[in-house]
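Asks: There's a structure below that I have some questions on.
The values are calculated or read from the model by the stated rules, or taken from the named source; none is laboratory data. Here the structure is a predicted model, which is why all the values come from computation and not from measurement. Quick reminder, even Gly has a Cβ in these numbers, built from the backbone with ideal geometry, and neighbours come from all protein chains shown. In case anyone asks, the SASA skips ligands and DNA or RNA and just uses the protein heavy atoms, side chains included. Shrake-Rupley method; radii C 1.70, N 1.55, O 1.52, S 1.80 Å.
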Amino acid sequence: LRGMARSPGHSVVAVLTLGLGIGVVGTAFTILNATVLRGLPFEEADRLVHFERARPADGVLSLAVTPHDYLAWAEEQSSFEGLGAYVEASALLPSEGAPPERYLGVRISANSFPLLRVTPSLGRGFTEDDERLGAPDVVVLSHTLWQNRFGGAPDIVGREIRLNDAPTTVIGVMPEGFGFPIAERFWLPLRLDLETTQRGQGRLDVFGRLADGVAFEAAVAEFVRICEGLGEVYPDTNLGIVASMRSFHDEYVGEEFTRTAVRMLLGALLVLLVCCANVANLLLIRGTRKQRSLALRVSLGATRGRIVRELLTEAVVLTSVGA
């Protein structure tokens, strides 16, 4: 430390350079670890499946699931514990003395939280009664929104707030870090009005959890039969329509993002190597200036190992401060 203090310029440059390289690698690995290596933050996330529709004969490989198809699938299937559905939503929350703030959330089916094996940390989730048309408006808040917007008020459950200028009762708060499907801040009950929605219209995101002992291939085969049956009954809207199924991880992370995250980490490692090379050059320059001091130590009896140990200790201290 005294040696570093005698050359503050070199020490500061070395620490900042190492800090930059280590920070870049740490950030890149954190992203790769959180999104690819650890997987989704749900119990048995590998059994979560995302659904879309497709019409392969026409080359259409990605279509949203319609409300009618979602309900038909949920009723006829037996390969999944259940099928959940959600659709994007946004809401304005008024702020005292400031313009309202807009937050992103979703309208979600009542069975979605149980399928994800997640329960609110405060209050409750949605029930089938909350999904009924005309039922009182209710909302479940994220932990982040509860903390940032409402100051973590312990009496938030049961409080009436205004969402999009409509009185809405808070019935629950989700655990910290939960943001399904990505980073949503609130959840509203999904209310489907099939009487005013024509078959083939509307769009939903649908997911399910494979039942115990059911393989993905068996579920795919079952949905082939279900979609063929719907095509025969409703040829105008469902002829040629099939269910496109893939793991939830592949849907929201995917191979392209995985490759990007790996390339980012490799690029960060290259940056770290460049930083290390620059610091090594700094230490070499500094070492040439210390030749007289090192020669004096050797003449006083210092061994080669003692000299090497001192230089290594200096490098470890620089690296530790940079880290």
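Asks: Looking at (1) in contact with a Phe, Trp or Tyr (Cβ under 7 Å, 6 or more places away or on another chain); (2) without any contact (Cβ under 8 Å) to a residue 24 or more places away in the chain, which is the one condition that is false for A221?
Replies: (1)
Asks: Here is a further query. Kindly provide the set of residues from region 282-302 that are part of a loop (DSSP other than H, G, I, E, B), surrounded by 11 or more Cβ atoms within 10 Å (Cβ to Cβ) and not aliphatic (A, V, I, L, M), ordered by number.
Replies: Residue satisfying the conditions is K290 alone.
Asks: Which condition from (1) open to solvent by less than 50 Å² (accessible area, probe 1.4 Å); (2) of a type in the set (A, V, I, L, M); (3) not in a helix (DSSP H, G or I) is the one that A219 breaks?
Replies: Failed condition: (3).
Asks: Taking region 89-145, which residues are surrounded by 13 or more Cβ atoms within 10 Å (Cβ to Cβ) and of a type in the set (S, T, Y)?
Replies: Scanning region 89-145 gives S90, Y103, S109, S112, T119, S121, T127, S142, T144.
Asks: Among the residues of region 186-198, are any in contact (Cβ under 8 Å) with a residue 24 or more places away in the chain, within 16 Å of S90 (Cα to Cα) and of a type outside the set (A, V, I, L, M, F, W, C)?
Replies: yes
Asks: Looking at V224, V262, V274, V279 in this structure, which one is open to solvent by less than 60 Å² (accessible area, probe 1.4 Å), β-branched (V, I, T) and part of a helix (DSSP H, G or I)?
Replies: V279
Asks: Looking at (1) within 20 Å of D250 (Cα to Cα); (2) open to solvent by 50 Å² or more (accessible area, probe 1.4 Å); (3) not in a loop (DSSP other than H, G, I, E, B), which is the one condition that is false for V49?
Replies: Single failed check for V49: (2).
Asks: Taking R38 as meeting all but one of (1) surrounded by fewer than 15 Cβ atoms within 10 Å (Cβ to Cβ); (2) basic (K, R); (3) over 20 Å from H249 (Cβ atoms), write down the number of the exception.
Replies: It fails just one condition, (3).
Asks: Would you point out the residue of region 146-204, among those that are over 21 Å from T66 (Cα atoms), among the small types (G, A, S) and open to solvent by less than 60 Å² (accessible area, probe 1.4 Å), that is modelled with the lowest pLDDT?
Replies: Restricting to residues being over 21 Å from T66 (Cα atoms), among the small types (G, A, S) and open to solvent by less than 60 Å² (accessible area, probe 1.4 Å), the top hit is A183.
Asks: Can you tell me which of (1) open to solvent by 30 Å² or more (accessible area, probe 1.4 Å); (2) small (G, A, S); (3) on the phi < 0 side of the Ramachandran plot is the one A243 doesn't meet?
Replies: Checking A243 against (1) open to solvent by 30 Å² or more (accessible area, probe 1.4 Å); (2) small (G, A, S); (3) on the phi < 0 side of the Ramachandran plot, the one that fails is (1).
Table: residues versus (1) out of contact with any Ser or Thr (no Cβ under 9 Å at 6 or more places or on another chain); (2) farther than 30 Å from T168 by Cα.
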{"residue": "G19", "(1), (2)": "yes, yes"}
{"residue": "V25", "(1), (2)": "yes, yes"}
{"residue": "E44", "(1), (2)": "yes, yes"}
{"residue": "R47", "(1), (2)": "no, yes"}
{"residue": "E75", "(1), (2)": "yes, yes"}
{"residue": "L92", "(1), (2)": "yes, no"}
{"residue": "R102", "(1), (2)": "no, no"}
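Asks: Here's another thing I want to ask about it. Only one of these is out of contact with any strand residue (DSSP E or B) (no Cβ under 9 Å at 6 or more places or on another chain), crowded, with 16+ Cβ neighbours inside 10 Å and under 30 Å from D236 (Cβ atoms): A14, A54, A72, A28. Name it.
Replies: Only one candidate qualifies: A72.
Asks: For region 176-222, enumerate the residues that are among the acidic types (D, E) and closer than 25 Å to D130 by Cα.
Replies: Of everything in region 176-222, those that are among the acidic types (D, E) and closer than 25 Å to D130 by Cα turn out to be E176, E184, D193, E195, D205.
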